[in-house]
1. Using 7 Å Cα-to-Cβ label points, what is the residue 204/residue 42 separation (nm, one decimal)?
2. Binning every alpha carbon pair distance of the range 2-92 at 10 Å from zero, what are the percents per bin?
3. Under a crude label model (7 Å from the Cα following the beta-carbon direction), how far is residue 184 from residue 152 in nanometres?
4. How many nm is it between the label spots at residue 88 and residue 124, if each spot is 7 Å from the Cα in line with the beta carbon?
5. Between residue 138 and residue 167, how high is the FRET efficiency from 1/(1 + (r/R0)^6) when r is the Cβ-Cβ distance and R₀ = 45 Å? Nearest 0.05.
6. Enumerate the calculated ³J(HN,Hα) couplings along the range 195-201 in order (Karplus 6.51 cos²θ - 1.76 cosθ + 1.60, θ = phi - 60°), each rounded to whole Hz, writing x wherever the residue is Gly or Pro.
7. What are the ³J(HN,Hα) couplings of the range 10-21, residue after residue, when phi is run through the Karplus curve with 6.51, -1.76, 1.60 and θ = phi - 60°? Round to Hz, x for glycine and proline.
8. What is the ratio of the Cα radius of gyration of the range 118-170 to 2.2 N^0.38 Å, with N the residue count, to two decimals?
Amino acid sequence: MKLFKEILKESQLGEVDEIEKNALYQVTIKEHPDIKNWILESYMVKINKLEDMVSCSCKGYEFEGLLCSHAIKVMHHVNMFHLPNRYIMKRWCKDANVCAKRSKFERSMDIGSTQEQESLRFATLKPRVMKLLNKVSKSSEAFKKFEGLLSMVEQEMQDVVNEEETLTCEVGTMTMTLSQGIIDPPISQCKGKRKKPQRFKPPSEPKKPRKCGICGSKKGGHNARTCPLKKGNDDDIELDDSQEDAEAESDGEYEDSSN
């Protein structure tokens, strides 16, 4: 496997320092040939040769399912050249796809309607049972023994079915009781002013026109700031001010001439 070959290649890097003999080691990697700006790395590896156990502080096996290069380097350091079976996961084996298909087929027995599940279980057991019956029917001694075992199996399977039906009824009754007994909690009054419910406004409903605050008109298309009446009042005020200024100037000229 290509990935494991890369791990074996990286296991040649670094140095091993013994902290506790046959128990605890430190692996230090000062440089890496493929990485220029390499930062010093150090990992602690625990090992037990009697129980074929090894673990590294990098948690490589826990994350990837393969022993890390640090653990393999320490294994070589203590003359441990075989890979323990406990660290060989099925997904890395040649028959991984076969196991996956079988487990997927077994899981499908619990998916779908009740009738589909029963049909799938029946189709799974039928070939095995027919093959067994073919063998048993060829021997009288095997037939008698199988008949006795079959009676025991029938009774055990009936007890299992009855227990499952009883459990299903109890769960259904409990579910109905809970659904009938549980009600919504009381609604608590939150802080702030409660919002009034708003009426749904269809898109076709015309919008209400705005009303001017000065003239009260709804058809002018204006508001209080742009109202014509307000503009006229402002012009009158400006004219009054200009007349007062003119009168004041004329009064001043008359006083000067009298003097």
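1. Going from the residue 204 label point to the residue 42 one covers 8.0 nm.
2. All Cα pairs considered, the percentages come to 16, 52, 27, 4.
3. Placing both labels 7 Å along Cα→Cβ, they lie 5.9 nm apart.
4. So the two model labels end up 2.8 nm from each other.
5. The calculated FRET efficiency here is 0.65.
6. 6, 7, x, 9, 6, 6, 9
7. For the range 10-21, the Karplus curve yields 6, 5, 7, 8, x, 10, 10, 10, 7, 8, 9, 4 Hz.
8. Computed over Cα atoms of the range 118-170, the ratio equals 1.46.
Coordinate-derived values only; no laboratory data. Computed from a prediction, not measured in an experiment: that's the story for all the values here. Positions of Cβ are backbone-derived with ideal geometry, glycine not excepted, and every protein chain shown enters the neighbour counts.
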